[in-house]
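Got a structure here, written out as structure tokens. Questions coming.
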Amino acid sequence: MNLYVGNLPFETAEEELKKLFEDFGQVASVNILRDKYTGKSRGFGFVEMPASGEALKAVERLNGKELRGRTLRVNEARPRTETSAPRGRNGVGERGPRSF
């Protein structure tokens, strides 16, 4: 089961997040999203736990828990939806190639 973890302290490392969730069961992967330009944490990430019962227990216990002054938001991750980028006058987006 893939879990969303939001409102993370920006200095949280993936290993720290993994240890937090391992109290509830096996953790398959941890991914904290980072800004592609600065490399700094965006304050949220995902934890994958193979056993759904263990994952649900982690959600129950960790959602609302405080971590270094920030209240964590933990829930089952929703599937990514397909969104279309806003189109500019040239039909490919404001920053795309222009046809003159």
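Just tell me which lysines come within less than 20 Å, Cα to Cα, of LYS19; anything on the same chain fewer than 8 places away is out.
Answer for LYS19, where 20 Å is the Cα cut-off: LYS57, LYS65, listed by chain and number.
Could you pull the Cα extents of region 39-81 along its three principal axes, largest to smallest, in whole Å?
Over region 39-81, Cα extents along the principal axes are 30, 26, 16 Å.
While we're looking at this one, here's another question. Between ALA13 and ALA28, what length comes free when the chain is fully extended (0.36 nm per residue of separation minus the Cα-Cα distance, one decimal in nm)? Spell out each step's value before the answer.
Values: separation 15, 0.36 × 15 = 5.40 nm, distance 1.60 nm.
Gain on extension, ALA13 to ALA28, equals 3.8 nm.
Can you list, bin by bin at 10 Å, the percent of alpha carbon pairs in region 1-78, starting at 0?
Calculated P(r), rounded to whole percents: 21, 57, 20, 2.
Read-outs: derived from the displayed coordinates by stated rules, not from any lab. Keep in mind that what you see is a predicted model, and the values were worked out from it rather than measured.
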